[in-house]
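One structure is given here, and the rest of the page talks about it.
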Amino acid sequence: MTKNNGLIIAAIIIIIGALVYSSQSPKVAKKGAGGEIKMGIILGFTGPIESLTPAMAASAELAFKEASDSGSLLGGAKISVIRADSTCVDSAAATAAAEGVIAQGVAAIMGADCSGVTGAIASNVAVPNGVVMISPSATSPGLTTLDDKGFFFRTAPSDARGGQILADITKDRGITSIAITFTNNDYGKGLADVYKAAVEAHGIKVTIVSAHEDGKADYSSEVATLASAGGDAIAVIGYLDQGGKGIIQAALDSGSFDTFVLSDGMIGDSLIEAFGDDLNKSFGSLPGSTGKGAGVFTEVAGAASIDSSGPYTGESYDAAALIVLAMQAGGSADRASIAKNVMDVANGPGTKIYPGELKKGLDLLAEGKKIDYEGATGVMFTDVGEAEGSFLEKEIKGGKFSTKKQR
């Protein structure tokens, strides 16, 4: 045997040994094992829902921290979070923010929030770069048919269902005629169209459908137009920290309406803080659940000093949890691997996993076992990766929001 032949044989033995070892070893991350994994959170920290997003972000970060602290994520990997501001309404600013986050090497994005900016980020930045986005709150029906190449998901259900639910509640509350105003964007227009058709199918007269622009100081002219058309109530499809709030203020000031039908974007404590008992006849709906997972999440979030009662907090936790579980299922923080495994961990079959049980889920996946992530909101995705969803009927009594029942 020549010296060269001996070297060749030795090299072959080393390669074979390495292959045998790797085939017997548990799956570990190809990227980020035992190290740092960057995650993006893109929400409207400024803008028309800025009072809602702190609790949403904190809920997502709670899931990321839970996975990091478990020691079970991809061989002990730790997650670091990069926040960015979607503004909720400025697509150019949101797109630029997303570009900055992706340039820093995030594995996935929890967000965005409002439908218009979410669609812009997905189409212009995330999908072209192969980055998974899981939105906790973008509800426009238009996102159902987004050409997302399998990289966009949402833990909030579409307004195609939400509008029908809100119409059902309106009928059950005895409203016979209604004026509709909506914020002039993808979310507002999409939900208003669904809601109008649904209430008319219930035999309720729609007196007017009128758009409003956010960012105005005074909405008395818009309310005067709505009042001239009349109605038992106004359906306000908008944002509680912007034009929707302005519509309610002008209506109360003029005495033209005292009953408001509130879309999900209008439900939050800041509205109560502004108007209190003046809203006692008002009601609305938002995605949510009264199931086991919701109760567990309330306890888990409360232990971390997070108010879980606000809109889309459970959906935010679930979005982040699905990302880390999908990483573990694929054994990698690779972006394509995450996309491939989201549906598997969301829809099972397998052991049900609830908030606070991410270590359990991660350990099962590391053992090659299947899980069914129920989470805070009873996660179950349609074939296009959006939540089938349940809704909470909300009403205002004694100057406070309360849940009447699940729909």
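The values are calculated or read from the model by the stated rules, or taken from the named source; none is laboratory data. Here the structure is a predicted model, which means the values were calculated and not measured. FYI the Cβ positions are ideal-geometry reconstructions off the backbone, even for glycines, and counts take in every protein chain you see.
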**OP:** Grab the strands (runs of 3 or more DSSP E) fully contained in region 75-137, keeping just those with 3 or more residues being farther than 16 Å from Arg335 by Cα.
**Re:** 78-85
Subject >> In region 269-282, the residues that are part of a helix (DSSP H, G or I) and either touching a residue at least 24 places away in the same chain (Cβ under 8 Å) or touching a strand residue (DSSP E or B) at 6+ places or on another chain (Cβ under 9 Å) (or both) >> reply: Asp269, Ser270, Leu271, Ile272, Ala274, Phe275, Gly276, Asp277, Asp278, Leu279
Original post:
Only one of (1) out of contact with any helix residue (DSSP H, G or I) (no Cβ under 7 Å at 6 or more places or on another chain); (2) closer than 21 Å to Val125 by Cβ; (3) modelled with pLDDT of 95 or more; (4) surrounded by fewer than 22 Cβ atoms within 10 Å (Cβ to Cβ) is not met by Lys31, so which one is it?
Top reply: (3)
Original post:
Residues in region 190-204: is at least one at pLDDT 95 or above, in contact with a helix residue (DSSP H, G or I) (Cβ under 7 Å, 6 or more places away or on another chain), surrounded by fewer than 17 Cβ atoms within 10 Å (Cβ to Cβ) and farther than 21 Å from Ile134 by Cα?
Top reply: yes
Original post:
Within region 283-332, can you find the residues that are small (Gly, Ala, Ser), part of a loop (DSSP other than H, G, I, E, B) and closer than 26 Å to Gly348 by Cα?
Top reply: Gly288, Ser289, Gly291, Ser308, Gly331, Ser332
Subject >> Tabulated pairs, region 166-177, first more than 9 Å from Asp232 (Cβ to Cβ) and assigned by TED's automatic domain parsing to the domain that holds Leu191, second outside any helix (DSSP H, G or I) and polar (S, T, N, Q), C-beta under 8 angstrom, 6+ apart or interchain >> reply: Leu166/Ser263; Leu166/Ser285; Ile169/Ser285
Original post:
Being assigned to a loop (DSSP other than H, G, I, E, B), touching a residue at least 40 places away in the same chain (Cβ under 8 Å) and not acidic (Asp, Glu), is that true of even one residue in region 143-153?
Top reply: yes
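Does Ala160 fit the bill of being under 23 Å from the mean Cα position of the chain (by Cα), among the aliphatic types (A, V, I, L, M) and either surrounded by fewer than 21 Cβ atoms within 10 Å (Cβ to Cβ) or in a strand (DSSP E or B) (or both)?
Numbers: under 23 Å from the mean Cα position of the chain (by Cα): yes; among the aliphatic types (A, V, I, L, M): yes; either surrounded by fewer than 21 Cβ atoms within 10 Å (Cβ to Cβ) or in a strand (DSSP E or B) (or both): yes.
Yes.
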**OP:** For Ala120, state whether it is in contact (Cβ under 8 Å) with a residue 12 or more places away in the chain and more than 17 Å from Glu386 (Cβ to Cβ).
**Re:** yes
**OP:** Mind counting the residues in region 248-299 that are within 25 Å of the chain's Cα centre (by Cα) and among the basic types (Lys, Arg)?
**Re:** 1
Subject >> Pair list, Cβ < 6 Å and 6+ apart or interchain, from region 346-360 residues that are on the phi < 0 side of the Ramachandran plot to residues that are crowded, with 16+ Cβ neighbours inside 10 Å and in a loop (DSSP other than H, G, I, E, B) >> reply: Ala346/Val379; Lys352/Glu374; Tyr354/Glu374; Pro355/Ala376; Lys359/Ser72
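Among the helices (runs of 4 or more DSSP H) contained in region 164-266, which hold 3 or more residues that are of a type outside the set (Gly, Ala, Ser) and under 22 Å from Gly310 (Cα atoms)? Give the steps one after another, and end with the answer.
Numbers: elements: 186-201, 220-229, 243-254.
Hits in region 164-266: 243-254.
Considering only region 358-373, state which residues are surrounded by fewer than 23 Cβ atoms within 10 Å (Cβ to Cβ) and within 21 Å of the chain's Cα centre (by Cα). Full working, then the answer.
Taking region 358-373 first, the residues surrounded by fewer than 23 Cβ atoms within 10 Å (Cβ to Cβ) are 359-360, 363-364, 366-370, 372.
The answer is Asp372, and nothing else.
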Original post:
Does at least one position in region 202-210 carry a residue that is charged (D, E, K, R) and within 30 Å of Ser91 (Cα to Cα)?
Top reply: no
